[in-house]
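Below you'll find the structure, written out as structure tokens, and then a few comments.
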Amino acid sequence: MATKQKQTIETPIDGGTFISLQKSANEGDLSMEIKLSLLYKLQQADSKIDKIHLLRGELPLEVKDLEDDIEGLKTRAENLQTEIKDIEKLIYQKKMDLDNSKSLIEKYTAQQNNVKNNREYDSLTKEIEFQGLEAELSEKRIKENTIILAEKKAAHAIAVTALDERKKDLETKQRELDSIVAETAREEEELIKISEDIQVQIDARMLAAYKKVRSNARNGLAVVTVRRDACAGCFNKIPPQRQMDIASSKKIIVCEYCGRILVNAEFEKE
């Protein structure tokens, strides 16, 4: 059976050692045992907060995603509405141009009956031809933009429908989240206060090391006890002599496999 290889554990202090942390922990009025006990109590409070957050599951993320979707759909709907208004204005203008061209054609056609020479007749004929081309161009632009307008209105309707659906989903998810938060709010507030009260009693280096290890741990455990001769964090065996050192609470001892801080199992009874 293959033996487990020890990992090289890098801590936040001194590029991989707890030397300066150990020195810092030995300074001050509090004994090492009390400092380790405080670390363990801090871990217990933070772990309970983690469990409360776990109860909420993915709801906070789902609510945030829905809020982002709603903002995106709102922007899309507003942009489409602006484009629709611009196209409607363009179609209206082209219809005015078309009516104007038709009116001019009628006017120039009537004037041809009263011309005095061929030059005037040819000039009116050219004007009629020009206005005819303008009318054709206006009709073409009206048809093109009418198609685009229909597409924009359809896209706007889809965006509005999707927006309404997302709003309903958000209301449902928000109610679920609010219900869970309401049930655990008081407990969470108390635990956060306990955590903050403990943190102010721990020196900066120890607290920084704790937070660093905790952030890297999958389950958020930075401080653990020894259970059945093994680290309660990674479950690797701890040598007897090392267990005695841990039980004495005279110095900071870190698991050689996972990097967690190991403390006296008697702290659990407290």
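Rule-based calculations on the coordinates, nothing more; no lab input. A quick note: this is a predicted structure, and the numbers were derived from the prediction, not measured. We place every Cβ from the backbone using ideal geometry, glycine too, and count neighbours over all the protein chains shown.
Quick notes
- The calculated FRET efficiency for residue 120 paired with residue 151, based on their beta-carbon distance and R0 = 51 Å, is about 0.60.
- Taken about its Cα centre, the chain carries a charge dipole of roughly 960 debye when the Cβ of each Lys and Arg holds +1 and the Cβ of each Asp and Glu holds -1.
- Distance from the C-alpha centroid of segment 119-165 to that of segment 194-208: 72 Å, rounded to the whole angstrom.
- Cβ charges +1 (Lys, Arg) and -1 (Asp, Glu), total dipole of segment 47-105, debye: 160 debye
- Farthest positive-ward along the chain dipole, Cα basis, beta-carbon charges - from 163, 252, 181: 252
- Answer label, with percent of Cα pairs over 26 Å apart calculated from the coordinates and candidates (i) 36; (ii) 45; (iii) 66: (iii)
- Long-range Cα-Cα pairs in segment 138-216 (distance over 14 Å), rounded percent: 80 percent
- Dividing the helix sum by the residues of the chain, where each DSSP H run of 4 or more adds -39500 (n - 2.57), gives a mean residue ellipticity at 222 nm of -25500 deg cm²/dmol.
- Using distinct alpha-carbon pairs, which all enter the 1/r mean, Kirkwood radius of segment 59-183 in Å: 18.8 Å
- Comparing mean-square fluctuations of 41, 211, 107 from a GNM of the chain with C-alpha springs under 10 Å, the top value falls on 107.
- Total charge dipole magnitude, segment 59-183, about the Cα centre, Cβ charges on Lys, Arg, Asp, Glu only, Debye to nearest 20: 800 debye
- GNM top mover of 72, 132, 259 - the chain, alpha-carbon springs below 10 Å: 132
- DSSP assigns beta bridges within the chain; of those with both partners inside it, close to 60 percent run antiparallel.
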